[in-house]
Amino acid sequence: MKFHKKYLLLFAFIITAFTILSSNQAMAQFGKNKVQYKQFKWKFIQSKHFDIYFYQGGEYLADYTAKVAEQSLDSMSKNLNGKISNRIPIIVFESHNDFQQNNVIDVFLPEGVGGVTELFKNRILVPFEGDYEKFKHVIHHELLHAYMNDVFYGGSIQNIISRNITLVFPLWFNEGMAEYVSLSGMNKENDMFMRDAVINDYVPQIEYVGGYLAYRAGQSFFSFLADYYGKEKIGKLFNEIKSSGDMHRGFKNTFGIELEKLNEKWHKYLNQTYWSDSKLRTEVTDFSKQLTDITKDGGFYNIAPEISPDGKYFLFISNRNDLFDVFLARTEDGKVIETIIEGQTTPDFEELQVLTPGLSWAPDGRRAAISVKAGSEDAIFIFNVKSGDRQKLPVHMGNISYVSWSPAGNELAFVGTNNKQSDIYLYDISTGTLQNLTDDIFSDSEPTWSPDGEYVYFTSDRGSFTENSMIPADFNMFDYDNKQKDIYSVNTDTKELKRITNIPFSNQSYAKLSQDGNKLLFISDVNGISNLYLMDKTETGFGNMRAITNSQSPVDQLSISKDGKKLLMVSLNKGGYDIFMMEGPFDRQLDIDTLPLTQFVQTQRLNRELADSVGNKKAANDSFDSGDTFTSADTTKDSNLTVYGDKIEINFSSSYKDSSYKSATSYADSIYKNNPNFRLSGNVNPDGSFVINDYKVKFSPDFVYGNANYSSFYGVQGLASISLSDMLGNHRIAIITSMVIDLKNSDYAVGYYYLPGRIDYGAELFHTARFLLYNRFDGRGEQLYRYRNFGATLNASYPFNRFKRIDGGISVQNVSQENLDNSQEPIIKKTFIVPSLSFVHDNTIFGSTKPIKGTRYNITALASPKLGNDGIGFTSLIGDYRTYFKLADGYNFALRLSGGASWGPNPQRFYLGGTQNWLNREFENENIPIGNIEEYSFSYPGLPLRGYNYDRISGSKYALLNAEFRLPIIQYLILGILPIGFQNIEGVIFVDAGTAWRNDKDLKLFTRENGVFQSRDLLTGMGVGSRINFLGFPIMFDVAWAYNFNSFSKPKYYISFGYDW
C-alpha cells in the first residue's frame, strides 16, 4: 500500500501538470471562476524565520503576523522537540474577499476556509477578518501544518518524491494537532462541541473520524493524551513518528500501547467527563420550542434567525437545499413559507456570510437587510420580503457583517472591516452618509439598537479602552491580551463608549434589550456553556447579573420580537444547528442562583489557583503560549458557525505590554542559529521595524519529475514534468515531455501563464505525435500512419463574475501525415490558423465526483480560414447545455443538450456513437474515423451515444440528448479473496438520443418500412451502468441497447475511464 500511495500521488501530480498545460482555466470547457478583481502591489518583510508577503495597506498586519509566527514557532520548537530547516513564507490578505483572489491555491476558497497551507512551496495563506484573536489562532494553526510539512516532508512535494517518503497523516491527526497546539489543548468551544457529540453518540473511533469532526475530535484526542500521559509525550510522539516513518508505530513507541487501545481510553474519558454532570443541566427543548430539525429538514445548518417586528414570522439561513439560502417561516410552528433568496448561485449573493450573519427586519415588517459577498467585496442588500425586489446599497468595504436596522427605520448599523481594524458603522439610508462609531484597532461585532435608537450595543475585546485618548501612542495589538469579549454601548450622536459587562475568563455576546430598555439580555459562557443571562438597569448602569437558562447545549445568535415576548436562538444539536423559540425571556427565572461549572472550567480554575500560588500569572496549562479562542481555520463548508473562548482578564491601568515576544524568540535563536537560511542582515531598521522590500518575480520549482531509459529496439524513452511558479502563483511555467524513440515520435510542450490581473493569459508551444493503423481494404492491408502536430496557442479568459466568463484564443498548427509503411507515399503537410471564442456559465454544485445540482453551459464559435493551400475553410458553432436536479441524498437527475453546426467549403465533421474514453472500443466499419489531416485536426465527437459504435453517424451538424437518473447502489464492499474495498458504488439509468447530418433536406428522423414505424437518422440508446473508484481510478461500466422505436438491439458493453458529465 505504501508503494501504491506514493505512485498514485506522483501520478496525480503529473496529470495536474498536463492539465495546467493543456486545459488551463482560460480554456476549460466548464468550471467556476476565480476572479482577480484587484491589482495587488506586493511587498514583503523578513523576520528571523519567515518571509511575510503583503500588499498596499497591509504593513500593520504583516508586522503582527511576523511577531505571532515567531512566537508560535518558538513554542512549537520547544514543545514538539523538532526544528524546521527552511524559511516559511506567509501571505497575508486584508480581507476574506482578497484571500479568495489568490493564485497560490487553484481552487476557490469559500467563506468557511479561514486559512490554508500548501505543500509545493510550504506557503501559508491567511486572511484578516476583523478579529485579532481569531487571526492569531489561524496563524498558529496554519504554522503547525507548515512545521509538520518541513519536519516530516522537507517542506515540499519535491522532497516527498525524491526521498521516497510514504508517511501519510490522516485528517484527524493534521487538524486535531493543529487545533491542540494553537489552542493550548482544549478550549470552551470544543468542550461544548464534544459534549454534544458524546451525549448524542456520534463520536466514532479516532481512525474513522473525518470532515469537520476531525478538527474537534482530533483536538480532544490529543488534549486527552497530554492530560493523561503528560504534555511532553506529544513532542516524543513527533520524534517517534519521524524516526520510524510510521504513524501507528510512533503511537506504540510513545505510549506503549496501540492506537486502538488509546482510542478506547479516550472514549472512556469522554463518557466519564460529559455524562457525569449531564443531569445537572437541561435540554434546550425543556425551555424553548424547536422550530427547525436537521434530522428531518435536511442540511446541518439552520442559523441567523431574525424575527419579524410583529413576532409572527422569521427569516433564517439554511443549507437544507445543499446551498445556503434565506427562508421565510412561521414562528408558530417553524413551517417554511418560501425561499426568499437563493444563495451561492448568482453574483449578487455569492455567499451569505454564514459565519458572521447579517439579517435584519425593517421596523415596517415589509423589508429586510442582509450582508453578503457580492463579487469583489461585501455588500448590503435591502429586499422586500413579499415581492423579492432588491436594492444594493453603495457601501464599499472589504468585509461587512452583522447588519442591524434602527428602530426609526432610517439607519443601518453594521460591522465593517478595512485594512487592520473592524468597527461599528452607521449608514443613513435616506442620505447615503456613512459614519464610523468606534474607529479604533479593537475588534467589534454584533451591533444591536436600544429601543429609543440612541445607543448601539455591541461586543468587543477592547477591555477598559473606551476612549481613544486612553490608547498609548505606541500601542500594538501583538502586546495586547484580547482574550475577553464583553458588551459595550456607544451613543450614536456623541460616540461616547461605555462598558456594560466585565466578566473575567468568559465571553459575552449578542446583547438584546427589553422594550422599555430596563433589562439587558445576552449570552455568556462563564460556566463553560453559552447560556442566557439578564441584567437590570440601575442608576449607574446594568447590574444584578443572573442566568435564565442552564442549558446542556450552547445557545447563540439571538433575535427578539419588538414587544420582547419571543426570543429566537440557535443551538448546537446533534452535530448541526437548529433554531429554537423561547417565550417571555425577560420574565424568565431559574430555581438556582449559580450555574454548575463544567469540568473543563473547574479544571481551568484549579490550574489558575495553583499557578497563582507559585507566583505564575499565566494559566498552568498554557504551555504553548497561545490563546484559547477558537474559530475555524482551514475548514471546508462544514465549519462550525459559533465563536466561543476562554478569556483572561488583565489590568490595563498599569501597562498593556509584556516581554513575551523577546523571551519567546530566545529559544528559537538557540536552535536555529547555525542554519544559514535564518542568517539575515539588513532586514530590520534602526528603530526596530522591519525593512519593507518590493516583491520581484522569481521562479522556483513546484516539482520536477523525470524517468528515462534506453532500449536497443526503441532508443531513448522517458517522461519528464517540470512545474515552475513565483511565490504568489501569478506567473507559471509548465514543461512536459514524453519521449519515445526520438523527437519526431514524442510529445513535448511548454507553457507560460500570466495570472495576476482580471484577464488570465496563456501561451503554449507544443508538439504531438500520434500513430493510427488503417486497414485500407484495397490490397495494401494494414498501414501505419504518423500524424505530427507542431504549433503554438495564445489564449485569454475574462471572468464577468464567479459564474460567467468569456474564453478566447488563437492557435497556429502545422500538421503532417506520413505513411510509415510506404515511404513512397508523399508526406502531406498543412498549416491551420484557428481562432475561437466561448461563453461559459457554471453555477453547479458538485457531489463527490460530479455535479448534482445547478446548470452549466458553453457556447463556442471557432473557425479556420482558407489560406491558399493551407487552412481548411470552415466556421463552426457548438453548444453544450447541462442541468442537474437533486431528488434526494444520492439520487439525481441529469439532462444534457448539445449540438453543433459547421459551414464553409470544408466544414468540420461531427461524429456520434460510443462513449468518452471507451477502453474496449469498437469502430463502425472497423476503422478509426480519421482519414486525413483535416479530420485528424478538427473531427469533433458528440458523446455519449451508447448502444452504438464510434462513428455510427456523422455530418456537418449534430444534435444530442442525454438523460440520466443517478443513484447509489453499494456504500461499501469488501472482497473476500483480495484485501480490496470499494466505496460508494453508484448506478445510472440512461437514455441517449442524437443524430448528425449534412444537408437539412436529407434529414429524416423516422421512416416506415414494410408498414413498420421506426427511426432512421435518429439514433436512440438506453441502458444501465455502474461507477466504481478502483485504486483511485474512476471506472465506468455500461450496458446499452440501441432502440429504433420498434425493437432493441443486442446489448453492447462499455468499459470506460473517467467521470460522468
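The values are calculated or read from the model by the stated rules, or taken from the named source; none is laboratory data. Everything quoted here is computed from the prediction, not taken from an experiment. Here Cβ is always computed from backbone atoms with ideal geometry, including for glycine, and neighbour counts include all displayed protein chains.
List of remarks:
- Phe414 vs. criteria in contact with a Lys or Arg (Cβ under 6 Å, 6 or more places away or on another chain) and not small (Gly, Ala, Ser): no
- Strands (runs of 3 or more DSSP E) within the range 366-439 that include 1 or more residues over 22 Å from Thr345 (Cβ atoms) and of a type outside the set (Asp, Glu): 367-374, 399-405, 411-418, 421-428, 434-436
- Of the set (1) more than 30 Å from Asp310 (Cβ to Cβ); (2) out of contact with any Asp or Glu (no Cβ under 7 Å at 6 or more places or on another chain), all apply to Asp452 but (1).
- Count - residues of the range 789-838 that are part of a strand (DSSP E or B) and of a type in the set (Phe, Trp, Tyr): 3
- Residues within the range 168-202 that are part of a helix (DSSP H, G or I) and closer than 28 Å to Phe505 by Cα, tallied: 20
- Residue among Asn1029, Asn999, Asn1046 that is exposed (fewer than 13 other Cβ atoms within 10 Å of the Cβ) and either outside the structural domain of Leu960 (by TED's automatic domain parsing) or farther than 21 Å from Gly955 by Cα (or both): Asn1046
- Flag if Arg786 is within 37 Å of the chain's Cα centre (by Cα), basic (Lys, Arg) and either part of a strand (DSSP E or B) or assigned by TED's automatic domain parsing to the domain that holds Ser898 (or both): no
- Counting only residues that are under 27 Å from Arg966 (Cα atoms), among the polar types (S, T, N, Q) and touching a residue at least 40 places away in the same chain (Cβ under 8 Å), the range 868-907 holds 2 of them.
- Residue check for Ala146: of a type in the set (Gly, Ala, Ser), crowded, with 22+ Cβ neighbours inside 10 Å and either in the same structural domain as Ser75 (by TED's automatic domain parsing) or farther than 16 Å from Ala69 by Cα (or both): yes
- Residue in the range 1009-1023 that is within 38 Å of the chain's Cα centre (by Cα) and assigned by TED's automatic domain parsing to the domain that holds Arg946 present: yes
- Any hit, the range 721-737, residues being of a type in the set (Lys, Arg), over 30 Å from Leu119 (Cβ atoms) and within 30 Å of the chain's Cα centre (by Cα): no
- Restricting attention to the range 825-835, the residues that are in contact with a strand residue (DSSP E or B) (Cβ under 8 Å, 6 or more places away or on another chain), of a type outside the set (Val, Ile, Thr) and within 22 Å of Gly868 (Cβ to Cβ) add up to 4.
Okay, residues lined up against (1) within 30 Å of Val601 (Cβ to Cβ); (2) more than 33 Å from the chain's Cα centre (by Cα):
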site: Lys265; (1), (2): yes, yes
site: Ser276; (1), (2): yes, yes
site: Leu280; (1), (2): yes, yes
site: Asn302; (1), (2): yes, no
site: Ile341; (1), (2): no, no
site: Asp348; (1), (2): no, no
site: Trp361; (1), (2): no, no
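- The range 488-538 - residue that is in a loop (DSSP other than H, G, I, E, B) and hydroxyl-bearing (Ser, Thr, Tyr) and, of those, nearest to the chain's Cα centre (by Cα): Ser530
- Of all residues making up the range 153-173, the number that are at pLDDT 95 or above and crowded, with 20+ Cβ neighbours inside 10 Å: 2
- The one condition in (1) crowded, with 22+ Cβ neighbours inside 10 Å; (2) more than 21 Å from the chain's Cα centre (by Cα); (3) not basic (Lys, Arg) that Gly82 fails to fulfil: (1)
- Single unsatisfied condition, Val403 versus (1) modelled with pLDDT of 95 or more; (2) under 20 Å from Ser95 (Cα atoms); (3) surrounded by fewer than 21 Cβ atoms within 10 Å (Cβ to Cβ); (4) within 28 Å of the chain's Cα centre (by Cα): (3)
- Gly871 fulfils the conditions (1) among the small types (Gly, Ala, Ser); (2) at pLDDT below 95; (3) out of contact with any Pro (no Cβ under 9 Å at 6 or more places or on another chain) except for a single criterion, (3).
- The range 875-912 - residue that is of a type outside the set (S, T, N, Q) and outside any strand (DSSP E or B) and, of those, surrounded by the fewest Cβ atoms within 10 Å (Cβ to Cβ): Pro905
- Boolean, Phe152 is among the hydrophobic types (A, V, I, L, M, F, W, C), assigned to a helix (DSSP H, G or I) and in contact (Cβ under 8 Å) with a residue 24 or more places away in the chain: yes
- Any hit, the range 856-867, residues being assigned to a loop (DSSP other than H, G, I, E, B) and either not β-branched (Val, Ile, Thr) or not assigned by TED's automatic domain parsing to the domain that holds Glu986 (or both): yes
- Boolean, Lys335 is buried (at least 18 other Cβ atoms within 10 Å of the Cβ) and either over 26 Å from Val113 (Cβ atoms) or touching a residue at least 60 places away in the same chain (Cβ under 8 Å) (or both): no
- Which numbered condition Ser469 misses (of (1) modelled with pLDDT under 95; (2) assigned to a loop (DSSP other than H, G, I, E, B)): (2)
- Matching strands (runs of 3 or more DSSP E) fully within the range 965-1030 where at least 1 residues are modelled with pLDDT under 90 and at negative phi: 981-997, 1006-1009, 1019-1030
- The listed residue being in contact (Cβ under 8 Å) with a residue 60 or more places away in the chain and either under 30 Å from Ile827 (Cβ atoms) or out of contact with any Pro (no Cβ under 6 Å at 6 or more places or on another chain) (or both), out of Ile928, Ile974, Ile969: Ile928
- Test: residue in the range 658-670 that is on the phi > 0 side of the Ramachandran plot, in the same structural domain as Phe44 (by TED's automatic domain parsing) and at pLDDT 55 or above: no
- Selection status of Thr448, at negative phi, modelled with pLDDT of 95 or more, in contact with a Ser or Thr (Cβ under 9 Å, 6 or more places away or on another chain) and not in a loop (DSSP other than H, G, I, E, B): yes
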